[in-house]
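Working notes for the structure below.
The values are calculated or read from the model by the stated rules, or taken from the named source; none is laboratory data. This structure is a prediction, so every number in the text was calculated from the model and none was measured. Heads up, the Cβs are rebuilt from the backbone with ideal geometry, glycines too, and the neighbour counts pull from every protein chain shown.
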């Protein structure tokens, strides 16, 4: 089973990570109308506080670089 999963991403963590980020973007895009509801928006903002957004972006960048460095010498 794991071999099939790895093969679908061509044994590349970078490709896997790119697809995870793309799916997250699609989910956010699809949920835009849901986010317009003030009750839902307030609940999400209490969990994902806007002051932490820069840290999320930094974490995404670090994960991307680590995934790429994993195979850079191959």
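Does residue 44 qualify as being modelled with pLDDT under 80 and part of a helix (DSSP H, G or I)?
Numbers: modelled with pLDDT under 80: yes; part of a helix (DSSP H, G or I): yes.
So residue 44 passes the test.
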**Study point:** Total residues in the range 36-58, condition over 25 Å from residue 17 (Cα atoms) and in contact with a helix residue (DSSP H, G or I) (Cβ under 8 Å, 6 or more places away or on another chain)
**Key:** 2
Exercise for review: Filter the range 1-28 for residues that are under 13 Å from the mean Cα position of the chain (by Cα) and farther than 25 Å from residue 69 by Cβ and give the result.
Suggested key: 26, 27, 28
